[in-house]
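In what follows, a single structure is set out as structure tokens and then discussed.
Just so it is clear, none of the values below were taken in a lab; they were calculated from the coordinates. Because the structure is predicted, anything quoted here is derived from the model rather than measured. Note that we place each Cβ from the backbone using ideal geometry, even for glycine, and neighbour counts take in every protein chain shown.
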Amino acid sequence: MDLRCRKTQCLYNHKYTCTAKSIKINKKIICSTYVKGNKEEPDTSRFIFDRAPDYAPQRESKTADIECCANCLFNQNKCCEANGITVNSIGEKPYCVTYLQNDDKKDKKFD
């Protein structure tokens with residue numbers, strides 16, 4: 001499972017890989033697990049065309065527990081079934097950019 005994070009000041013971010021034991025994405029698609037750390041890692045991803053950023057290896061999928069409360073295609077009974085997620089800063093908030101709206105769940109509300 002590929003758990004990538006561009007919130008470089010997050011306590012759980014290690015070379016763009018999330019090291020949290022569990023991750024929670026709330027209804028507004030924001031990573032509730034985010035905790036601002038004391039030290040900000042430099043964001044070297046902006047130099048991706050000059051040199052590859054230093055990424056940590058992927059985590060084992062057996063150790064990743066991702067709770068999802070969003071109306072997302074990958075949400076299966078509040079458990080994320082995606083092959084991985086990416087959390088990115090949009091403004092100041094850590095959004096799950098892997099989110100895909102689940103139209104099936106949306107349509108069932110109107111039946």
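Placing a pseudo-label 7 Å from each Cα along the Cα-to-Cβ vector at N102 and E81 gives an inter-label distance of 0.8 nm. Remark: for residue pairs K39/K78; K36/K78; K7/K36; K7/K78, the C-alpha separation exceeds 20 Å in K39/K78; K36/K78; K7/K78.
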